[in-house]
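Bear in mind these aren't lab numbers, they're just calculated from the coordinates by the rules spelled out. Fair warning: this is a prediction, and the values are worked out from it, not measured in the lab. Cβ coordinates were reconstructed from backbone atoms using ideal geometry, including for glycine residues, and neighbour counts include every protein chain displayed.
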Amino acid sequence: MGAVLACGSKALLSHGSAAALWNIGLAPRTGAIDVTVPQGPSRKRAGVKLHRRRDLGSEHRREVAGIPVTDPISTLVDLASCRPEWQVEQAINNADRLDLVDVEALRATIAALPPRPGMACMRRLLGLDALTDTGLERKFLAIVRAANLPIPETQIWVSGYRVDFYWPALGLVAEADGWRHHRTPGEQGTDRRRDQAHLASGMTTLRFGEDQIRYRPDEVRRALTPVIARLDS
């Protein structure tokens, strides 16, 4: 509260400090306190990390325990500008769990916002720049071919569920979890039931995230190769 008051009447707690105040699963920051103020001249304060924002209007202002703080969506975007993606994803999931945001409404809001720091990360995590199912399938199959592994069947029904990739001779299923899907509790529940049905039928299931398939294909290869070798022995 002292840091916010020291920075003027329009100042708001923000970034990592706001995330800690909203209790969205991140450890409280140590050191400087993040405070955002409207664009323009402002005096530096000891112990305060000052951020400036051109569009800091009243619609972005909330109060938690009496402390002026950025709204949850602004907090998440700010966090995405300064924290690793896994921490931002954790914050999104916890904000959803605490009913601070709705993931579908968050997608719509982020899609309509103008560019600013943190937006690219948020768009990736929310699937707004996601590959189509076909594009993800092509990239996965390219990894399989480059590793000289058996080519799976694609998009067929197994144990009552449509699966992305299936090696019938091995009893192996692989699923590609795109950014746009598998985020809501309902989607995650379907994924669990699908995996349990495959396990009950004696099959092995591997799941790969879109980030792995797009940016870390070696991780996919290192996971697939020994499993296929074991099942083929």
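One decimal place: the segment L128-R193 gains 20.8 nm when fully extended, by the rule 0.36 nm per residue minus the C-alpha distance. Annotation: peptides 140-147, 108-115, 56-63, ranked by per-residue average of other Cβ atoms within 10 Å with the highest first, follow the order 140-147, 56-63, 108-115. Annotation: Cα Rg of the stretch 7-79 relative to the compact-globule expectation 2.2 N^0.38 Å equals 1.00.
For the stretch 2-125, the Cα gyration tensor yields ellipsoid semi-axes of 22, 16, 13 Å (square root of five times each eigenvalue, largest first, whole Å). In order along the stretch 133-139, the phi-based Karplus estimate (6.51 cos²θ - 1.76 cosθ + 1.60, θ = phi - 60°) of 3J(HN,Hα) comes to 4, 5, x, 5, 4, 4, 5 Hz; Gly and Pro are listed as x. Oblate is the label for the stretch 133-231, because the ratio a/c of its alpha-carbon gyration tensor axes (a ≥ b ≥ c) is 1.5 or higher and a/b is not greater than b/c. For the chain, the mean projected area of the C-alpha convex hull, equal to one quarter of the hull surface, is 14.9 nm². Remark: the chain carries a charge dipole of roughly 980 debye about the Cα centre, counting +1 on each Lys and Arg Cβ and -1 on each Asp and Glu Cβ.
Only DSSP H runs of four or more residues enter the estimate; each adds -39500 (n - 2.57), and after division by the residues of the chain the mean residue ellipticity at 222 nm equals -13000 deg cm²/dmol.
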